[in-house]
Amino acid sequence: MTPGAYDAVVVGGGPGGFGAATWLARYRARVLLVDGGEQRNRWVDRSHGYLGDDPVTPRDLLGRAGRQLAAYPEVEQRAAQVRHCARRPDAMFAVTLDTDAEVVAARLVLATGVEDAFPEVAGFFEHYGAGVFHCPTCDGYETQGRDVVALGWSAEVTGFALSLLGWAASVTVVTDGRRFEGDDGQRAELARAGVAVLEDDATELLGTRGDLRALRLRRMGELPCQVAFFSIAHRPRTALARQLRCVLTPEGYIEVDAEAATSVPGVYAAGDVTPGLHLVQVAAAKGAIAGVACARSLRGEGADPDGWQDRLPGYSSAMTEPNRPAMVPDAGRLDELETEIDEIRGRVDDPLGQGDAHFIDGGQPADDRTDDLVAPPDPEA
Ligand SMILES: Cc1cc2nc3c(=O)[nH]c(=O)nc-3n(C[C@H](O)[C@H](O)[C@H](O)COP(=O)(O)OP(=O)(O)OC[C@H]3O[C@@H](n4cnc5c(N)ncnc54)[C@H](O)[C@@H]3O)c2cc1C
């Protein structure tokens with residue numbers, strides 16, 4: 001290993017990156033966590049649904065995570081932006097920061113999150129994270145008994161608005177002056193559910209933080225609401241993944257296997273930048289999976305994704321297990337399992353191989369059948 005090199009650089013200091021760095025540290029890997037400080041929920045007053053900490057202010061949660069991580073001497077944390085990552089000829093990674101510092105690491109974990117597109121409405125950031133949200137799963141619960149505006153114009157707004165009706169007293173779609181892109185069927189579906197679609201400009205959110213009163217529309221005036229959601233777009237932050245040539249999904253997320261390994265040997269990914277639910281707890285869990293898998297790979301343990309063999313630095317031994325898809329066994333493996341199950345059935349039905357079923361009592365074959373296949377020996381005997 002290159003002198004002074006890190007075992008792993010974790011890019012991103014949200015729940016995904018902290019999860020990965022924690023578990024790398026617990027495997028005694030030397031870790032550098034680099035974070036640009038733009039966690040997706042940095043505007044939010046209260047984040048919900050994290051076990052044992054519900055609700056919690058994201059700043060408090062991440063502050064605690066950062067302090068707890070700092071207790072591990074294996075970990076260094078830097079506030080910086082990673083500009084560039086590249087594989088070196090010795091198969092290590094060169095990581096360039098915006099401070100122009102260059103560090104070297106045997107592994108990378110990308111936990112870079114996603115970026116949201118925001119509507120251009122006056123007062124937006126006054127209310128964002130208190131009365132304005134974008135994810136019904138995260139913040140739908142708090143809309144009970146409230147009038148909600150769903151700001152957006154794509155066909156997806158249909159499902160978005162209907163899902164909000166599962167909690168809210170009423171939902172109105174405002175297209176911000178654009179034409180609603182849904183078809184007639186979607187318009188009819190919204191109408192049947194009592195959701196009006198207003199094709200008017202949203203100009204200003206009225207009220208104070210935590211007390212949203214209305215959305216002002218250019219032509220139609222004030223639309224009373226206590227909560228607003230927007231559904232415009234979000235973009236996974238994949239600049240580094242693309243530099244490294246990681247395969248992305250058709251939706252633009254970093255493709256990972258069950259152990260958070262990307263298509264590029266030595267590069268793992270976790271959190272919102274990978275496919276799946278966008279929740280703090282999920283991001284932290286994905287980080288834990290990436291951290292453990294990455295740390296085990298440094299020890300030459302764990303899964304061995306296709307194409308990674310002999311292409312990773314820092315191994316003291318060959319990797320041990322093939323990357324057998326854990327959740328979806330291939331057809332050959334299913335046949336093997338079937339044969340194993342048949343053999344086990346045979347042993348249970350006919351433990352002594354004498355043709356008839358025999359049952360065991362007190363460690364001995366029993367003459368009479370009982371309901372139990374095997375009875376434990378009598379401790380008094
Ligand atoms: C309004 C809102 C409300 C939400 N409410 C909830 C809720 O109630 N409950 C819930 O469970 N979830 C909620 N979420 C979702 C939650 O915020 C995300 O799922 C979670 O933050 C994802 O964690 P992450 O680590 O993947 O990404 P992030 O937390 O976004 O962290 C990514 C980090 O990577 C850094 N980074 C990116 N690129 C680089 C680079 N090149 N160099 C250095 N650093 C870089 C960024 O600066 C950022 O700090 C909410 C999100 C929003 C926007």
Report summary line: Amide H neighbours of PHE230 at under 5 Å, excluding residues fewer than 5 places away on the same chain, with H built from the backbone geometry, are PHE133, HIS134, LEU151
Query - Projected-area mean, the range 1-158, by convex hull of Cα positions, square nanometres - result: 12.4
Report summary line: Here P(r) for the range 119-231, Cα-Cα distances in 5 Å bins, as whole percents, is 2, 13, 26, 26, 21, 9, 2, 0
Query - Karplus 3J(HN,Hα) series, Hz, for the range 148-154 with 6.51 cos²θ - 1.76 cosθ + 1.60 (x for Gly, Pro) - result: 10, 9, 10, 9, x, 9, 6
Report summary line: Amide H proximity to TYR268 below 5 Å, modelled H, separation 5+ or other chain, gives LEU108, VAL109, LEU110, THR262
Query - Average projection area in nm² (convex hull over Cα atoms of the range 66-188, one quarter of hull surface) - result: 13.0
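Can you list which of the GluC sites (Glu not before Pro) found in the range 108-153 are DSSP loop residues with at most 11 other C-beta atoms within 10 Å?
The qualifying sites are GLU120.
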Report task. Relative to the compact-globule scaling 2.2 N^0.38 Å, provide the ratio for the alpha-carbon radius of gyration of the range 190-295. Result -> 1.58
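Every read-out reported here was derived from the displayed coordinates using simple, explicitly stated rules and does not represent laboratory data. What you are looking at is a predicted structure, and each value in this text was computed from that prediction instead of being measured. All Cβ positions, even for glycine, are placed from backbone atoms using ideal geometry, and neighbour counts span all protein chains on display.
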